[in-house]
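Accompanying notes for the structure given below.
The values are calculated or read from the model by the stated rules, or taken from the named source; none is laboratory data. Computed from a predicted structure; not experimentally measured. Cβ sites come from the backbone with ideal geometry, for glycine too, and all protein chains shown count toward neighbours. Surface accessibility is based on the protein's heavy atoms, side chains included, excluding ligands, DNA and RNA. Shrake-Rupley method; radii C 1.70, N 1.55, O 1.52, S 1.80 Å.
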Amino acid sequence: MPPTPDAAQAPSVGPDRGRADACPGALRLHPAEDGHLARLRLPGGQLTHRQLLAVADAADTLGDGEAEITSRGNLQLRGLAAGCAADLAERLRTVGLLPSDTHERVRNIVASPLAGLDGRGAGGNRIADWVRELDQALCAAPWAAALSGKFLFALDDGRGDVAALNADVTLLAVGDGRALLRLGRARRATAVHDPVPAALDAARRFLDLAAGRAWHPREIQDELPDGDVPLPPFAGEPPALGAVPGGLSVAPRLGRLGSAQWRLLAEALGDTSPHPARLTPWRGAVLPHADPHWLPRLADAGLRTTPGGPWEGVTACTGLPGCAKSLADVRAQAARAVAAVPAEGLPVHWSGCARRCGHPAGRWVDVLATAAGHRVTVDGTVRDTEENDTAEAVAEARNTPWRRPK
(Lines give C-alpha, C1' and ligand atoms only; values in the text may rest on other atoms or scores of the structure.)
Protein backbone atom coordinates (compact mmCIF):
# COMPACT_ATOMS: atom_id res chain seq x y z
CA MET A 1 0.00 0.00 0.00
CA PRO A 2 1.18 3.61 -0.50
CA PRO A 3 2.65 5.35 2.55
CA THR A 4 0.58 7.49 4.83
CA PRO A 5 0.35 11.02 3.46
CA ASP A 6 2.28 12.66 6.26
CA ALA A 7 5.32 10.41 5.92
CA ALA A 8 7.59 13.16 4.64
CA GLN A 9 6.37 16.00 6.86
CA ALA A 10 5.46 14.59 10.24
CA PRO A 11 8.08 14.81 12.99
CA SER A 12 8.95 11.70 14.93
CA VAL A 13 6.57 11.29 17.84
CA GLY A 14 7.59 7.70 18.58
CA PRO A 15 7.66 6.50 22.19
CA ASP A 16 10.69 5.52 24.22
CA ARG A 17 11.29 1.81 23.57
CA GLY A 18 13.47 1.59 26.67
CA ARG A 19 10.41 1.35 28.89
CA ALA A 20 7.22 -0.69 28.88
CA ASP A 21 4.50 0.74 26.67
CA ALA A 22 1.66 2.56 28.39
CA CYS A 23 -1.18 1.06 26.32
CA PRO A 24 -4.36 0.90 28.39
CA GLY A 25 -6.18 -2.36 28.92
CA ALA A 26 -9.13 -3.76 30.77
CA LEU A 27 -7.11 -3.90 33.99
CA ARG A 28 -4.73 -0.99 33.36
CA LEU A 29 -6.99 2.05 33.17
CA HIS A 30 -5.65 5.20 31.55
CA PRO A 31 -6.41 8.60 33.14
CA ALA A 32 -7.84 11.03 30.57
CA GLU A 33 -9.45 14.45 30.76
CA ASP A 34 -12.95 12.94 30.70
CA GLY A 35 -12.24 10.24 33.27
CA HIS A 36 -10.42 6.93 33.03
CA LEU A 37 -10.30 4.84 29.85
CA ALA A 38 -10.37 1.04 29.50
CA ARG A 39 -9.49 -0.81 26.31
CA LEU A 40 -11.04 -4.26 25.85
CA ARG A 41 -9.20 -6.63 23.51
CA LEU A 42 -11.59 -8.64 21.34
CA PRO A 43 -9.76 -11.26 19.25
CA GLY A 44 -11.32 -11.23 15.79
CA GLY A 45 -13.59 -8.42 17.03
CA GLN A 46 -15.98 -11.05 18.37
CA LEU A 47 -18.79 -10.26 20.81
CA THR A 48 -21.63 -12.63 21.71
CA HIS A 49 -25.16 -11.48 22.47
CA ARG A 50 -24.44 -11.66 26.19
CA GLN A 51 -21.19 -9.77 25.81
CA LEU A 52 -22.82 -6.99 23.76
CA LEU A 53 -25.30 -6.46 26.60
CA ALA A 54 -22.49 -6.51 29.17
CA VAL A 55 -20.67 -3.77 27.25
CA ALA A 56 -23.84 -1.65 27.22
CA ASP A 57 -24.38 -2.17 30.94
CA ALA A 58 -20.76 -1.29 31.77
CA ALA A 59 -20.95 1.86 29.65
CA ASP A 60 -24.11 2.95 31.47
CA THR A 61 -23.13 1.99 34.99
CA LEU A 62 -19.41 2.76 35.04
CA GLY A 63 -18.72 5.06 32.09
CA ASP A 64 -20.16 7.86 29.97
CA GLY A 65 -22.87 5.72 28.38
CA GLU A 66 -20.95 5.04 25.16
CA ALA A 67 -18.36 2.56 23.90
CA GLU A 68 -16.19 3.15 20.85
CA ILE A 69 -14.78 0.73 18.30
CA THR A 70 -11.05 1.16 17.73
CA SER A 71 -9.04 0.83 14.52
CA ARG A 72 -8.14 -2.72 15.62
CA GLY A 73 -11.69 -3.89 16.17
CA ASN A 74 -11.32 -3.56 19.94
CA LEU A 75 -13.50 -1.54 22.32
CA GLN A 76 -12.91 1.46 24.54
CA LEU A 77 -14.96 2.59 27.53
CA ARG A 78 -14.47 6.22 28.58
CA GLY A 79 -15.52 8.40 31.49
CA LEU A 80 -14.75 5.68 34.02
CA ALA A 81 -14.23 6.45 37.70
CA ALA A 82 -10.75 5.66 39.03
CA GLY A 83 -12.15 3.21 41.57
CA CYS A 84 -14.21 1.09 39.16
CA ALA A 85 -11.39 -1.20 37.98
CA ALA A 86 -12.35 -4.18 40.16
CA ASP A 87 -16.04 -3.87 39.24
CA LEU A 88 -15.22 -3.65 35.53
CA ALA A 89 -12.88 -6.64 35.69
CA GLU A 90 -15.53 -8.78 37.40
CA ARG A 91 -18.13 -7.82 34.80
CA LEU A 92 -15.74 -8.79 31.99
CA ARG A 93 -14.74 -12.10 33.61
CA THR A 94 -18.36 -13.08 34.09
CA VAL A 95 -19.04 -12.93 30.33
CA GLY A 96 -15.70 -14.35 29.17
CA LEU A 97 -14.08 -11.08 28.07
CA LEU A 98 -11.12 -11.39 30.45
CA PRO A 99 -9.66 -14.90 30.11
CA SER A 100 -6.18 -13.85 31.28
CA ASP A 101 -5.13 -11.11 33.68
CA THR A 102 -1.47 -11.39 32.66
CA HIS A 103 -1.97 -11.41 28.88
CA GLU A 104 -5.09 -9.30 28.38
CA ARG A 105 -3.29 -6.42 26.63
CA VAL A 106 -1.54 -8.63 24.03
CA ARG A 107 -4.71 -10.25 22.66
CA ASN A 108 -4.64 -7.95 19.61
CA ILE A 109 -5.98 -10.09 16.74
CA VAL A 110 -7.87 -8.74 13.73
CA ALA A 111 -9.51 -11.08 11.22
CA SER A 112 -11.37 -10.79 7.92
CA PRO A 113 -14.89 -9.78 9.08
CA LEU A 114 -16.72 -11.72 6.36
CA ALA A 115 -14.60 -14.87 6.57
CA GLY A 116 -16.78 -17.96 6.21
CA LEU A 117 -19.91 -15.91 5.46
CA ASP A 118 -19.79 -14.81 1.83
CA GLY A 119 -17.96 -17.69 0.12
CA ARG A 120 -14.93 -15.55 -0.72
CA GLY A 121 -11.39 -16.06 0.47
CA ALA A 122 -9.31 -19.20 0.59
CA GLY A 123 -9.52 -19.47 4.38
CA GLY A 124 -13.25 -20.06 4.69
CA ASN A 125 -14.29 -21.18 8.15
CA ARG A 126 -10.70 -21.78 9.23
CA ILE A 127 -10.21 -18.14 10.21
CA ALA A 128 -12.52 -18.44 13.22
CA ASP A 129 -10.52 -21.50 14.33
CA TRP A 130 -7.25 -19.63 13.85
CA VAL A 131 -8.53 -16.73 15.98
CA ARG A 132 -9.49 -19.04 18.81
CA GLU A 133 -6.27 -21.10 18.60
CA LEU A 134 -4.01 -18.06 18.46
CA ASP A 135 -5.77 -16.37 21.38
CA GLN A 136 -5.47 -19.50 23.51
CA ALA A 137 -1.82 -20.00 22.54
CA LEU A 138 -0.95 -16.38 23.34
CA CYS A 139 -2.56 -16.57 26.77
CA ALA A 140 -0.79 -19.88 27.51
CA ALA A 141 2.70 -18.64 26.57
CA PRO A 142 4.45 -16.91 29.52
CA TRP A 143 6.89 -15.11 27.19
CA ALA A 144 4.01 -13.55 25.19
CA ALA A 145 3.13 -11.27 28.11
CA ALA A 146 6.28 -9.31 27.19
CA LEU A 147 4.82 -8.27 23.80
CA SER A 148 3.78 -4.66 23.55
CA GLY A 149 0.09 -3.87 23.97
CA LYS A 150 0.43 -2.39 20.47
CA PHE A 151 1.60 -5.64 18.83
CA LEU A 152 -0.96 -6.78 16.24
CA PHE A 153 -1.74 -10.10 14.54
CA ALA A 154 -3.84 -10.10 11.34
CA LEU A 155 -5.59 -13.25 10.11
CA ASP A 156 -6.68 -12.73 6.52
CA ASP A 157 -8.87 -15.29 4.74
CA GLY A 158 -7.13 -14.55 1.45
CA ARG A 159 -9.20 -11.60 0.22
CA GLY A 160 -6.52 -9.11 1.31
CA ASP A 161 -8.62 -6.91 3.59
CA VAL A 162 -6.88 -7.07 6.99
CA ALA A 163 -3.56 -7.98 5.34
CA ALA A 164 -3.50 -4.36 4.12
CA LEU A 165 -3.34 -3.13 7.73
CA ASN A 166 0.41 -3.89 7.87
CA ALA A 167 0.13 -5.78 11.15
CA ASP A 168 3.16 -7.01 13.03
CA VAL A 169 2.44 -10.64 12.07
CA THR A 170 0.08 -11.41 9.17
CA LEU A 171 -1.30 -14.76 8.07
CA LEU A 172 -2.80 -14.76 4.56
CA ALA A 173 -4.77 -17.95 3.89
CA VAL A 174 -4.01 -19.67 0.58
CA GLY A 175 -6.19 -22.80 0.96
CA ASP A 176 -5.91 -26.31 2.39
CA GLY A 177 -5.11 -24.92 5.83
CA ARG A 178 -1.93 -23.24 4.59
CA ALA A 179 -0.98 -19.59 4.73
CA LEU A 180 1.61 -17.01 3.81
CA LEU A 181 3.29 -15.49 6.86
CA ARG A 182 4.48 -11.89 6.72
CA LEU A 183 6.53 -10.35 9.53
CA GLY A 184 6.13 -6.60 9.83
CA ARG A 185 6.25 -4.88 6.46
CA ALA A 186 8.44 -7.43 4.73
CA ARG A 187 8.21 -7.35 0.95
CA ARG A 188 7.99 -11.14 0.73
CA ALA A 189 6.31 -13.83 2.81
CA THR A 190 7.00 -17.39 3.93
CA ALA A 191 4.69 -20.30 3.12
CA VAL A 192 3.63 -22.13 6.30
CA HIS A 193 1.64 -25.33 6.72
CA ASP A 194 0.82 -24.88 10.43
CA PRO A 195 -0.18 -21.20 10.53
CA VAL A 196 -0.96 -20.50 14.18
CA PRO A 197 2.22 -22.02 15.66
CA ALA A 198 4.19 -20.30 12.89
CA ALA A 199 2.66 -16.91 13.77
CA LEU A 200 3.40 -17.40 17.44
CA ASP A 201 6.97 -18.47 16.68
CA ALA A 202 7.47 -15.39 14.50
CA ALA A 203 6.36 -13.14 17.34
CA ARG A 204 8.75 -14.84 19.75
CA ARG A 205 11.68 -14.57 17.34
CA PHE A 206 10.98 -10.86 16.95
CA LEU A 207 10.80 -10.41 20.72
CA ASP A 208 14.13 -12.18 21.20
CA LEU A 209 15.83 -10.17 18.46
CA ALA A 210 14.36 -6.82 19.51
CA ALA A 211 15.60 -7.27 23.09
CA GLY A 212 13.60 -4.29 24.28
CA ARG A 213 14.71 -2.01 21.42
CA ALA A 214 11.45 -2.09 19.47
CA TRP A 215 7.75 -2.69 19.85
CA HIS A 216 7.09 -3.52 16.19
CA PRO A 217 8.99 -5.57 13.57
CA ARG A 218 8.92 -2.61 11.18
CA GLU A 219 11.23 -0.74 13.55
CA ILE A 220 13.99 -3.28 12.98
CA GLN A 221 12.83 -4.60 9.60
CA ASP A 222 16.34 -4.59 8.12
CA GLU A 223 17.46 -7.05 10.80
CA LEU A 224 14.67 -9.54 10.13
CA PRO A 225 14.85 -12.36 7.58
CA ASP A 226 12.69 -11.83 4.50
CA GLY A 227 10.48 -14.53 3.02
CA ASP A 228 10.79 -16.23 -0.33
CA VAL A 229 7.22 -15.89 -1.68
CA PRO A 230 6.00 -12.73 -3.46
CA LEU A 231 3.03 -11.08 -1.77
CA PRO A 232 -0.15 -10.53 -3.79
CA PRO A 233 -1.70 -7.04 -3.87
CA PHE A 234 -3.96 -6.30 -0.92
CA ALA A 235 -7.45 -4.90 -1.44
CA GLY A 236 -7.70 -3.31 2.00
CA GLU A 237 -11.45 -2.74 1.63
CA PRO A 238 -13.93 -2.86 4.52
CA PRO A 239 -17.19 -4.80 4.18
CA ALA A 240 -19.90 -2.92 2.30
CA LEU A 241 -22.68 -1.65 4.52
CA GLY A 242 -26.19 -3.10 4.51
CA ALA A 243 -27.27 -6.65 3.75
CA VAL A 244 -24.19 -8.69 2.87
CA PRO A 245 -23.90 -12.39 2.05
CA GLY A 246 -24.25 -14.15 5.38
CA GLY A 247 -25.53 -11.24 7.47
CA LEU A 248 -25.66 -7.49 8.00
CA SER A 249 -22.91 -4.86 8.05
CA VAL A 250 -23.41 -1.55 9.84
CA ALA A 251 -21.25 1.26 11.20
CA PRO A 252 -21.64 4.15 13.65
CA ARG A 253 -20.36 7.61 12.86
CA LEU A 254 -16.80 8.02 14.15
CA GLY A 255 -16.94 4.58 15.75
CA ARG A 256 -18.95 5.55 18.83
CA LEU A 257 -22.17 3.84 19.91
CA GLY A 258 -24.41 4.65 22.86
CA SER A 259 -25.59 1.89 25.15
CA ALA A 260 -29.02 1.77 23.45
CA GLN A 261 -27.31 1.16 20.11
CA TRP A 262 -25.23 -1.67 21.58
CA ARG A 263 -28.38 -3.27 22.95
CA LEU A 264 -30.04 -2.96 19.56
CA LEU A 265 -27.09 -4.74 17.93
CA ALA A 266 -27.51 -7.53 20.47
CA GLU A 267 -31.22 -7.76 19.68
CA ALA A 268 -30.55 -7.91 15.94
CA LEU A 269 -27.92 -10.62 16.45
CA GLY A 270 -30.34 -12.65 18.56
CA ASP A 271 -29.91 -14.29 21.94
CA THR A 272 -29.75 -17.79 20.44
CA SER A 273 -27.24 -17.03 17.70
CA PRO A 274 -24.20 -19.35 17.77
CA HIS A 275 -22.26 -16.72 15.80
CA PRO A 276 -20.78 -13.70 17.59
CA ALA A 277 -20.94 -10.21 16.16
CA ARG A 278 -17.67 -9.14 14.53
CA LEU A 279 -16.35 -5.63 15.11
CA THR A 280 -14.12 -4.49 12.28
CA PRO A 281 -10.90 -2.45 12.16
CA TRP A 282 -12.88 0.03 10.03
CA ARG A 283 -15.02 0.74 13.13
CA GLY A 284 -18.04 -1.17 11.92
CA ALA A 285 -19.88 -4.32 12.95
CA VAL A 286 -20.90 -7.45 11.05
CA LEU A 287 -23.87 -9.39 12.42
CA PRO A 288 -23.66 -12.94 11.01
CA HIS A 289 -26.95 -14.34 9.75
CA ALA A 290 -28.99 -11.37 11.04
CA ASP A 291 -32.21 -10.72 9.13
CA PRO A 292 -32.29 -7.72 6.73
CA HIS A 293 -35.57 -6.54 8.27
CA TRP A 294 -33.45 -5.07 11.08
CA LEU A 295 -31.81 -2.52 8.77
CA PRO A 296 -34.52 0.18 9.05
CA ARG A 297 -34.46 0.01 12.86
CA LEU A 298 -30.66 0.17 12.91
CA ALA A 299 -30.73 3.15 10.56
CA ASP A 300 -33.36 4.91 12.69
CA ALA A 301 -31.06 4.38 15.68
CA GLY A 302 -28.33 6.39 13.96
CA LEU A 303 -26.22 3.62 12.45
CA ARG A 304 -24.99 3.78 8.88
CA THR A 305 -26.60 0.96 6.88
CA THR A 306 -25.94 1.90 3.25
CA PRO A 307 -22.64 2.16 1.37
CA GLY A 308 -21.16 5.44 0.25
CA GLY A 309 -22.05 8.90 1.45
CA PRO A 310 -19.92 11.65 2.98
CA TRP A 311 -19.39 9.76 6.25
CA GLU A 312 -17.76 6.82 4.47
CA GLY A 313 -14.16 6.59 5.67
CA VAL A 314 -14.34 9.55 8.08
CA THR A 315 -12.56 8.91 11.38
CA ALA A 316 -11.20 11.04 14.21
CA CYS A 317 -9.20 10.71 17.38
CA THR A 318 -10.82 11.51 20.75
CA GLY A 319 -9.83 15.18 20.68
CA LEU A 320 -11.00 17.73 23.23
CA PRO A 321 -12.41 17.56 25.82
CA GLY A 322 -11.37 13.94 26.37
CA CYS A 323 -7.67 14.27 25.54
CA ALA A 324 -5.44 16.93 27.12
CA LYS A 325 -2.90 16.70 24.28
CA SER A 326 -5.46 17.68 21.65
CA LEU A 327 -5.70 21.21 20.29
CA ALA A 328 -9.32 20.93 19.19
CA ASP A 329 -12.62 19.05 19.42
CA VAL A 330 -11.88 17.24 16.17
CA ARG A 331 -14.95 15.02 16.34
CA ALA A 332 -17.22 18.04 16.32
CA GLN A 333 -15.10 19.67 13.61
CA ALA A 334 -15.34 16.57 11.44
CA ALA A 335 -19.14 16.52 11.83
CA ARG A 336 -19.40 20.20 10.87
CA ALA A 337 -17.16 19.68 7.84
CA VAL A 338 -19.23 16.73 6.60
CA ALA A 339 -22.41 18.77 6.96
CA ALA A 340 -20.94 21.89 5.35
CA VAL A 341 -19.26 20.32 2.31
CA PRO A 342 -20.36 16.70 1.81
CA ALA A 343 -17.74 14.76 -0.15
CA GLU A 344 -16.75 11.21 -0.93
CA GLY A 345 -13.42 9.67 -1.89
CA LEU A 346 -10.31 8.94 0.13
CA PRO A 347 -10.57 8.09 3.83
CA VAL A 348 -9.96 11.11 6.02
CA HIS A 349 -8.73 11.17 9.61
CA TRP A 350 -8.99 14.16 11.93
CA SER A 351 -6.27 14.40 14.59
CA GLY A 352 -6.03 16.76 17.54
CA CYS A 353 -2.26 16.38 17.88
CA ALA A 354 0.75 15.01 16.03
CA ARG A 355 0.34 11.51 17.50
CA ARG A 356 -2.54 10.93 15.04
CA CYS A 357 -4.08 8.22 17.23
CA GLY A 358 -6.27 5.72 15.35
CA HIS A 359 -5.36 6.81 11.82
CA PRO A 360 -6.14 4.33 9.02
CA ALA A 361 -3.68 2.28 7.03
CA GLY A 362 -2.92 2.86 3.37
CA ARG A 363 -3.62 6.14 1.63
CA TRP A 364 -5.69 8.75 3.46
CA VAL A 365 -6.23 12.47 3.99
CA ASP A 366 -4.52 13.71 7.14
CA VAL A 367 -6.31 16.59 8.91
CA LEU A 368 -4.20 17.82 11.81
CA ALA A 369 -5.41 20.50 14.23
CA THR A 370 -3.07 23.48 14.57
CA ALA A 371 -3.13 26.66 16.64
CA ALA A 372 -4.55 28.57 13.66
CA GLY A 373 -6.83 25.93 12.14
CA HIS A 374 -5.76 22.72 10.38
CA ARG A 375 -3.01 21.23 8.25
CA VAL A 376 -4.51 19.09 5.47
CA THR A 377 -2.06 16.64 3.88
CA VAL A 378 -2.48 14.14 1.06
CA ASP A 379 0.25 12.45 -1.01
CA GLY A 380 2.85 14.76 0.54
CA THR A 381 1.01 17.93 -0.50
CA VAL A 382 0.31 20.19 2.50
CA ARG A 383 -2.30 22.93 2.82
CA ASP A 384 -2.64 25.05 5.99
CA THR A 385 -6.16 26.34 6.54
CA GLU A 386 -8.15 28.42 8.95
CA GLU A 387 -11.03 26.49 10.52
CA ASN A 388 -13.67 28.06 8.26
CA ASP A 389 -11.79 26.89 5.16
CA THR A 390 -11.02 23.35 6.30
CA ALA A 391 -14.20 21.64 5.06
CA GLU A 392 -13.58 22.75 1.49
CA ALA A 393 -9.90 21.76 1.64
CA VAL A 394 -10.78 18.31 2.96
CA ALA A 395 -13.42 17.76 0.26
CA GLU A 396 -10.89 18.67 -2.41
CA ALA A 397 -8.21 16.41 -0.90
CA ARG A 398 -10.55 13.42 -0.72
CA ASN A 399 -10.90 13.54 -4.50
CA THR A 400 -7.19 13.87 -5.24
CA PRO A 401 -5.94 11.32 -7.81
CA TRP A 402 -2.90 9.34 -6.71
CA ARG A 403 0.38 11.17 -7.21
CA ARG A 404 3.47 9.50 -5.87
CA PRO A 405 5.37 11.98 -3.66
CA LYS A 406 8.72 13.15 -5.06
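Below, the figures for the structure above:
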quantity: Any chance Leu92 is touching a His at 6+ places or on another chain (Cβ under 7 Å) and at pLDDT 95 or above; calculated: no
quantity: Selection count, segment 363-389, where residues are modelled with pLDDT of 95 or more and assigned to a helix (DSSP H, G or I); calculated: 0
quantity: Search result, residues across segment 250-300 that are of a type in the set (S, T, N, Q) and surrounded by fewer than 23 Cβ atoms within 10 Å (Cβ to Cβ); calculated: Ser259, Gln261, Thr272, Ser273
quantity: Residue count, segment 133-157 (criterion: touching a strand residue (DSSP E or B) at 6+ places or on another chain (Cβ under 9 Å) and either farther than 12 Å from Ile109 by Cα or open to solvent by 40 Å² or more (accessible area, probe 1.4 Å) (or both)); calculated: 1
quantity: Residues located in segment 330-351, provided they are touching a helix residue (DSSP H, G or I) at 6+ places or on another chain (Cβ under 9 Å), open to solvent by less than 50 Å² (accessible area, probe 1.4 Å) and under 13 Å from Glu387 (Cβ atoms); calculated: Gln333, Ala334, Ala337, Trp350
quantity: Any pair with Cβ under 6 angstrom, 6 or more apart, that starts in segment 301-329 at a residue that is surrounded by 19 or more Cβ atoms within 10 Å (Cβ to Cβ) and ends at one that is basic (Lys, Arg) and modelled with pLDDT of 90 or more; calculated: Ala316/Arg331; Gly319/Arg331
quantity: Qualifying positions in segment 46-86 - in a helix (DSSP H, G or I), closer than 19 Å to Leu303 by Cα and open to solvent by less than 20 Å² (accessible area, probe 1.4 Å); calculated: Leu52, Val55, Ala56, Ala59
quantity: The lone exception for Gly160 - which of (1) open to solvent by 10 Å² or more (accessible area, probe 1.4 Å); (2) not in a helix (DSSP H, G or I) it fails; calculated: (1)
quantity: Leu254 being in contact with a Lys or Arg (Cβ under 6 Å, 6 or more places away or on another chain), farther than 19 Å from Arg50 by Cβ and not β-branched (Val, Ile, Thr); calculated: yes
quantity: Conditions (1) open to solvent by 20 Å² or more (accessible area, probe 1.4 Å); (2) closer than 10 Å to Pro43 by Cα; (3) among the polar types (S, T, N, Q); number of the one not met by Asn125; calculated: (2)
